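Engineer: Sharing a structure, written as structure tokens. Questions coming.
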Amino acid sequence: MAWQARELGLHRRETAAAYPAADRVGQLFFSTMYKDTWFATLVDAPPFTRWGEYDYDASVSTDVPQTQGILSRLAVLESELLTQIHSGRVDTTTPDFVLSTESRWWPLMRECGDERNDRLLASIHPYADIRFNWIRLLLRAPCLSHPTLGASSTPIVARSLSRILHTYASLAATNLFHPCYAQLRRIVTCGQLLVLCHTARELGRHEAEELFAVFLGLVKEHLGKFDFIPQLIASFESVGELLGLAIPAAPQPPARISIDMPIMFDYNLPTWFDTIYEPHLAPEVA
């Protein structure tokens, strides 16, 4: 879909403006970019539509072609970071790059952590929280062994993986949690980083055991979906035993809470509704 969006000219302001307003091509473009950047992380590659190839100005409030919803803005950040990581022209592990990048992200980070009272906005919040902390992992995880940034990267990575795992755990108690490979990739990466943070003594034993139990519970949610899940669970349980982490017996899962949601692009993409449910971000009507 990213290729189709680019062929249709949805990534450029001039060509996107030629489409009828009812087509909402701005939201369509950012919906495709949202998935484009996420698939890029799965294969460790730059996004198909790279940063700099599309028009985006965060200071302009207009529906053509940009949408100012929080998920769309997070997709832009991830697109920019992935493009820089894979460009070969920017060292993304230098203190100047990492610290200046995080400074630019700071206002959005506070917004991602802001709980919303509106029911529909509250349903979008967990996905924004997961996405932002995932982007922080992309930036900070490669710096864990950095001579200067390692000391600050380890607690940031520990905090981000904890937020991701706990947010997924809260979703797992509802009907919004749907096992899939992309989600499993995020969860397993957090499990691997959890082991590194514990061996670095950033996480205490009880803290690591609690997170490890949450992690294993999320992996077990994928049983029956993929043939390799039992072996994956056994491998991580062996790692936990090697580290001396107590592995608690899995509790009986509670009945899932059913949450009514409008039809979305898919369960992991509420981007279509960013400007509908964030009316203060929608363009003003003259």
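The values are calculated or read from the model by the stated rules, or taken from the named source; none is laboratory data. Since this is a predicted model, take the numbers as computed values, not measurements. So basically every Cβ, Gly included, is an ideal-geometry build from the backbone, and we count neighbours across all protein chains shown.
Engineer: I'd like to know if the stretch 219-229 contains one or more residues that are touching a residue at least 60 places away in the same chain (Cβ under 8 Å) and part of a loop (DSSP other than H, G, I, E, B).
Structural biologist: no
Engineer: Name the residue, out of Ser153, Ser145, that is under 23 Å from Ile85 (Cα atoms) and not in a helix (DSSP H, G or I).
Structural biologist: Ser145
Engineer: Something else now. Hey, does the stretch 131-140 have a residue that's assigned to a helix (DSSP H, G or I), among the aromatic types (Phe, Trp, Tyr) and buried (at least 18 other Cβ atoms within 10 Å of the Cβ)?
Structural biologist: Yes, the conditions are met somewhere in the stretch 131-140.
Engineer: In addition: Inspect the stretch 21-35 for any residue being modelled with pLDDT under 85, within 23 Å of Thr189 (Cα to Cα), out of contact with any Ser or Thr (no Cβ under 7 Å at 6 or more places or on another chain) and not in a loop (DSSP other than H, G, I, E, B) and give the result as yes or no.
Structural biologist: Within the stretch 21-35, one or more residues are modelled with pLDDT under 85, within 23 Å of Thr189 (Cα to Cα), out of contact with any Ser or Thr (no Cβ under 7 Å at 6 or more places or on another chain) and not in a loop (DSSP other than H, G, I, E, B).
Engineer: Provide a single number: the residues in the stretch 106-124 that are modelled with pLDDT of 80 or more and crowded, with 18+ Cβ neighbours inside 10 Å.
Structural biologist: 0
Engineer: Restricted to the stretch 158-203, and to residues that are at pLDDT 90 or above and not in a helix (DSSP H, G or I), which residue is surrounded by the most Cβ atoms within 10 Å (Cβ to Cβ)?
Structural biologist: Looking at the filtered set, the residue picked out is Leu203.
Engineer: Taking into account only those residues within the stretch 64-105 that are assigned to a loop (DSSP other than H, G, I, E, B) and at pLDDT below 85, which is surrounded by the most Cβ atoms within 10 Å (Cβ to Cβ)?
Structural biologist: Among those that are assigned to a loop (DSSP other than H, G, I, E, B) and at pLDDT below 85, it is Thr67.
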